[in-house]
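Below is one structure, written out as structure tokens, with a few remarks after it.
The values are calculated or read from the model by the stated rules, or taken from the named source; none is laboratory data. Keep in mind that what you see is a predicted model, and the values were worked out from it rather than measured. We place every Cβ from the backbone using ideal geometry, glycine too, and count neighbours over all the protein chains shown.
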Amino acid sequence: MTTSILISLLITFLVIVLVLYLVNMLPIDGRAKQIVRIIVIIIGVLSLLKYINVY
């Protein structure tokens, strides 16, 4: 049980990092890029909290 939670947390963290990297590669202006980064981070934090049964 603990191993599956750790693997899920690791995979979620890696997906968040990958999406943030891909957002940096998008050819959009800085303000829109910053908004997308904030949205991705919020969704990622909520997802991580779901795995540790806080949310």
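Does region 15-35 contain at least one residue that is without any contact (Cβ under 8 Å) to a residue 12 or more places away in the chain and at positive phi? No - not one qualifying residue is present in region 15-35. Among the candidates 48, 6, the residue that is within 9 Å of the chain's Cα centre (by Cα) and of a type in the set (A, V, I, L, M, F, W, C) is uniquely 48. Quick check on region 2-35: of everything there that is within 10 Å of residue 51 (Cβ to Cβ) and small (Gly, Ala, Ser), which residue is surrounded by the fewest Cβ atoms within 10 Å (Cβ to Cβ)? Ranking the qualifying residues of region 2-35, first place goes to 4. The residue list 28, 7 contains one member that is at pLDDT 85 or above and not in a helix (DSSP H, G or I), which is 28.
If you take the residues of region 36-55 that are under 29 Å from residue 2 (Cα atoms) and β-branched (Val, Ile, Thr), which of them is surrounded by the fewest Cβ atoms within 10 Å (Cβ to Cβ)? Of everything passing the filter in region 36-55, 54 is surrounded by the fewest Cβ atoms within 10 Å (Cβ to Cβ). Scan region 12-45 residue by residue and report those that are within 10 Å of the chain's Cα centre (by Cα) and β-branched (Val, Ile, Thr). Passing the criteria: 12, 15, 16, 17, 19, 38, 39, 40, 41, 42, 43, 45.
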